[in-house]
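No lab work stands behind these numbers, since they all come straight from the coordinates. Given the structure is predicted, the values throughout are model-derived calculations rather than measurements. Counting neighbours? That spans all protein chains shown, and the Cβs are built from the backbone with ideal geometry, glycine included.
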Amino acid sequence: MTTRVRALIPGILCTAALSVPLLAHAPSGAIFTTVANGSEVNANIYASKDAVYLDGGPGPGAPQTAAGLDDGRYVFQVTDPSGKKLLSTDAARCRQFDVANGIITNVVATGCQHKTGVDVDHGATTVQLMPYLDTPNPGGVYKAWAILAANYKCSLNVVDCGYKPGSNVHGFAPADSKTDNFKVKNTVAQEIDTRFFVDANGNNYLDEGETVLDGAQIIWTDTLGAQNGKSSYYNAGLNVNHEAHIEAPEEGTHRIAIPAQAGCNVGIVDVGGIRQAETGPQEVSVQFPKTTKSLTIFVTVQCVP
């Protein structure tokens, strides 16, 4: 990852916190992109399209006890980050996988199923996303989607059944879907990172030497309304520094839900250095700008006794 930008312009990159309860019916578990053996990839940037695989269950940094995907049969797709352009080129029946005990166990044998690998951490199946077209996004950003087949709106025998914002994104209802963004052949890091800290000196700010918590959880809702869980963790080799990490966020408004959780009694929340009006568990909005430069927006969460 590249150097991160911490000083942001008030009123442009952040919006006020929303005084709403945690989303009560958020889908369980998470999806994330990876390579064939399930190991992590620096900033979710891949050298080629065929290197990108889909994994599911507790994501990077999530504790082993975290809920995995709901068991069942799923359909996946690849789009541009806006969701308007379907990039997957094969019929939906070719893009199916099964989940048991919270992890992907197999692709569905249809004669056109995708290539698979094995996750070195959990023994889960990883699913190659190819074939899909090049993204029209100038930053090289793609969006991977997964939805339970029972909630898929198209016939499994077709590639696409159209696009209607908010309700039918090529057969996927955003509210019922999991998404994750990734990049191909673009080395610019663009991120939203959430940090949870123990405010040892009680001054309401994250200071050098204070404890930053791993395993703390957020729910990320992307610009289309699809959700995915993220957990804070540390990986020096990938420059993930005790953060719940969202890679390659597309331009627009993202929402970060900060729940009440073991180990963190939520207090003050800052978004991009701007103190939010509410304290405690909440959902905040982060406006990510259109940019081709390296940029990180930080959400900082105070944990109080």
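For the chain, a Gaussian network of Cα nodes joined below 10 Å ranks K143, K230, K164 by mean-square fluctuation, and the top entry is K164. Using all pairs of distinct alpha-carbon atoms, the Kirkwood hydrodynamic radius of the stretch 30-184 works out to 15.3 angstrom.
Rounded, prolate or oblate: which fits the stretch 31-92, taking a ≥ b ≥ c as square roots of the Cα gyration tensor eigenvalues, rounded meaning a/c under 1.5, else prolate when a/b beats b/c? In terms of gyration-tensor shape, oblate. Charge dipole (Cα centre; +1 on Lys/Arg Cβ, -1 on Asp/Glu Cβ; no other charges) of the stretch 30-184 amounts to roughly 480 debye. Between the listed residues A200, G263, A244, the Cα displaced farthest toward the positive end of the dipole of the chain, a dipole computed from Cβ unit charges relative to the Cα centre, is found at A244.
Highest GNM mean-square fluctuation among D270, D71, D80, for the chain modelled with Cα contacts below 10 Å: D71. For N265 and K84, the difference between the fully extended length at 0.36 nm per residue and the C-alpha to C-alpha distance is 61.2 nm. Taking only the C-alpha atoms of the chain, the Rg (one decimal) and the largest Cα-Cα distance, Dmax (whole number), read 18.6, 61 Å.
Listing L54, L86, L133 from the residue with the fewest other Cβ atoms within 10 Å to the one with the most, what is the order?
Least to most surrounded, the residues fall as L133, L86, L54.
For the stretch 190-304, the gyration tensor built on C-alpha atoms gives a prolate shape. Its axis ratio a/c (a ≥ b ≥ c) is at least 1.5, and a/b is the larger of a/b and b/c.
Distance between the modelled labels on V120 and V304, one decimal in nanometres: 4.3 nm (7 Å Cα→Cβ projection). Placing unit charges on each Cβ (+1 for Lys and Arg, -1 for Asp and Glu) gives the stretch 30-184 a dipole about its Cα centre, and among H122, C154, Y46 the Cα reaching farthest toward its positive end belongs to C154. Here the Gaussian network model covers the chain, with springs between Cα atoms less than 10 Å apart; of G209, G72, G225, G209 fluctuates the most. Taking other Cβ atoms within 10 Å as a rough exposure proxy, Y163, Y205, Y142, Y46 sort from fewest to most as Y205, Y163, Y46, Y142. Separation of the stretch 97-131 and the stretch 160-194, taken as the distance between their Cα centroids, equals 20 angstrom. Straight distance only, please: which lysines reach the Cα of K164 with their own Cα at less than 22 Å, same-chain residues fewer than 8 apart left out? Cα-Cα hits under 22 Å: K84, K85, K143, K153, K178.
Can you sort S48, S231 from fewest to most other Cβ atoms within 10 Å of each residue's own Cβ?
The order, fewest Cβ neighbours first, is S48, S231.
Charging the Cβ of each Asp and Glu at -1 and of each Lys and Arg at +1, and nothing else, the dipole of the stretch 137-183 about its Cα centre rounds to 80 debye. DSSP beta bridges confined to the chain are antiparallel in about 85 percent of cases.
Annotation: Cα Rg of the stretch 132-208 relative to the compact-globule expectation 2.2 N^0.38 Å equals 1.67.
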